[in-house]
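Worksheet for the structure shown next.
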Amino acid sequence: MTSSAAVEAAPDTTYSITQLANEFGITTRTIRFYEDKGLLRPKRQGLTRIYSPRERVRLKLVLRGKRIGFSLAEIGEIMDMYDSEPGESGQLVYMLDELRKRRTMLQRRQRDIALTLQELDQIESQCRERLASMREAGARARSAAG
């Protein structure tokens, strides 16, 4: 999640909040929220926000971090590491540890979901068997009466 990820645009390229919102499929309100949390720091011209390629990359990293389950505080911590000692290497070590923890948690959830699905299959099978035997008993009763 390095903030120095290859900047895809020329350094003098700028973006409006609307352009970024459209590009990433989010609302301008979401971007302002990330600003309020200190994750983005656009320049301002009057009331207009001006986003640099660096801010665009930071937004991309915030969204990626959210997708893989990081809290905004964790994302901010990771991005801030890049700008302080031990810099990118510390950031990468932290990221690897956090990714390992996330993977372990998701694998545990995956096992729990698999067990729950097995239990649902068993319960469903029992319900179907019980319903079938009830229908058979009803059909036999009607046949004997008729």
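Quick look at the numbers
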| read-out | value |
| --- | --- |
| Condition check for residue 146: farther than 30 Å from residue 57 by Cβ and not hydrophobic (A, V, I, L, M, F, W, C) | yes |
| Residue pairs meeting the criteria (Cβ under 8 Å; at least 6 apart or on separate chains; first closer than 12 Å to residue 48 by Cα, in the stretch 15-28; second surrounded by fewer than 16 Cβ atoms within 10 Å (Cβ to Cβ) and polar (S, T, N, Q)) | 16/48; 17/28; 18/28 |
| Residue in the stretch 65-72 that is surrounded by fewer than 10 Cβ atoms within 10 Å (Cβ to Cβ) and either among the aliphatic types (A, V, I, L, M) or assigned to a helix (DSSP H, G or I) (or both) present | yes |
| Residue check for residue 76: in a loop (DSSP other than H, G, I, E, B) and at pLDDT below 95 | no |
| Residues being free of Cβ contacts under 8 Å to residues at least 40 places away in the same chain and crowded, with 17+ Cβ neighbours inside 10 Å - total across the stretch 40-58 | 4 |
| Subset of the stretch 102-146 that is of a type in the set (Lys, Arg) and at pLDDT 90 or above - its residue that is farthest from the chain's Cα centre (by Cα) | 135 |
| Cross-chain or 6+ apart pairs with Cβ under 9 Å, the stretch 59-83 first and in contact (Cβ under 8 Å) with a residue 60 or more places away in the chain and within 18 Å of residue 26 (Cα to Cα), then basic (Lys, Arg) and in a helix (DSSP H, G or I) | 75/64; 75/66 |
| Answer residue from the stretch 32-64, given it is out of contact with any Asp or Glu (no Cβ under 9 Å at 6 or more places or on another chain) and assigned to a strand (DSSP E or B) and is farthest from residue 99 (Cα to Cα) among those | 45 |
| Condition check for residue 44: of a type in the set (Lys, Arg), touching a helix residue (DSSP H, G or I) at 6+ places or on another chain (Cβ under 6 Å) and at pLDDT below 95 | no |
| Residue count, the stretch 79-98 (criterion: part of a helix (DSSP H, G or I) and exposed (fewer than 12 other Cβ atoms within 10 Å of the Cβ)) | 3 |
| Some residue of the stretch 118-140 being closer than 27 Å to residue 25 by Cβ and surrounded by fewer than 11 Cβ atoms within 10 Å (Cβ to Cβ) | no |
| Any chance residue 12 is farther than 18 Å from residue 99 by Cβ and modelled with pLDDT under 80 | no |
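The values are calculated or read from the model by the stated rules, or taken from the named source; none is laboratory data. Keep in mind that what you see is a predicted model, and the values were worked out from it rather than measured. Please note: Cβ atoms are built from the backbone with ideal geometry, for glycine as well, and neighbour counts cover all protein chains shown.
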